[in-house]
Amino acid sequence: MAKKKLGRPSAVAMVPKSFVDKLFVKLVEYFDDSQTLTANALNCSQSHIWGYLTKSNKETVSPIIALRAEVETNGAIKCDDLCPELGELISTINNNRLRAGKPGIGVVKSEL
C-alpha cells in the first residue's frame, strides 16, 4: 500500500530561475503565500496559479493576468515586468493618445 502524503505541498514547487518566475513568486507572497487568494484576486483558478508556479524558466505570463496583477497589487508588481510585450504596447498606446491630446494609460483599479 502506498504511503499517504502528509501536509500541504510547498507553495512553490520549483526553484524560480527567470525574472518572471521570481516575480510571480513575489506576487503569490503578496497575497499571503496563498494560491487561492492570488487566484481570486486575478480572477482565475487556483490550478492556474499552481501551473505558473510549477513551470520554471518562464519568459512571460498571459497579458490579462499581468494587467490584473498590477491592478490588484496597486502597482507593486508591474504588468510589463510579468508580460514584457505589454511594455511596448502600452508605450505605443500612450504615445498615440498623447498625439491625439488624450490622457495616457495608467493602470489604476478604478479604471478597470
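The values are calculated or read from the model by the stated rules, or taken from the named source; none is laboratory data. A quick note: this is a predicted structure, and the numbers were derived from the prediction, not measured. Cβ sites come from the backbone with ideal geometry, for glycine too, and all protein chains shown count toward neighbours. Ligands, DNA and RNA are stripped out before the accessible areas are found, and what is left, the full protein with its side chains, is counted by its heavy atoms. Shrake-Rupley method; radii C 1.70, N 1.55, O 1.52, S 1.80 Å.
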Seminar exercise, completed: Those residues of the stretch 44-68 that are under 11 Å from the mean Cα position of the chain (by Cα) and among the polar types (S, T, N, Q) come to a total of 2
For this session: Test residue 87 against the stated conditions and say whether it is part of a helix (DSSP H, G or I), under 18 Å from residue 22 (Cβ atoms) and in contact with a Cys (Cβ under 9 Å, 6 or more places away or on another chain).
Result: yes
Problem set entry | Leading residue by the ranking (farthest from residue 27 (Cα to Cα)) among those in the stretch 78-97 that are in contact with a helix residue (DSSP H, G or I) (Cβ under 7 Å, 6 or more places away or on another chain) and among the hydrophobic types (A, V, I, L, M, F, W, C) | 90
For this session: Please specify each residue of the stretch 42-67 satisfying the condition of being without any contact (Cβ under 8 Å) to a residue 40 or more places away in the chain and not polar (S, T, N, Q).
Result: 42, 44, 48, 49, 50, 51, 52, 63, 64, 65, 66
For this session: Scan the stretch 98-112 and report the pairs whose first residue is open to solvent by 100 Å² or more (accessible area, probe 1.4 Å) and whose second residue is of a type in the set (A, V, I, L, M, F, W, C) and at pLDDT 50 or above, with Cβ atoms within less than 6 Å and a gap of 6+ or a chain change.
Result: 109/71; 112/71
Problem set entry | Members of the stretch 29-64 that are within 23 Å of residue 85 (Cβ to Cβ) and assigned to a loop (DSSP other than H, G, I, E, B) | 43, 44, 55, 56, 57, 58, 59, 60, 61, 62
Exercise. Does the stretch 12-50 hold any residues that are more than 21 Å from residue 75 (Cα to Cα) and either open to solvent by less than 20 Å² (accessible area, probe 1.4 Å) or at pLDDT below 90 (or both), and which are they?
Worked result: 12, 13, 14, 15, 16, 17
Exercise. Since residue 77 meets every condition but one in (1) out of contact with any Ser or Thr (no Cβ under 7 Å at 6 or more places or on another chain); (2) open to solvent by 20 Å² or more (accessible area, probe 1.4 Å); (3) hydrophobic (A, V, I, L, M, F, W, C), which condition does it not meet?
Worked result: (2)
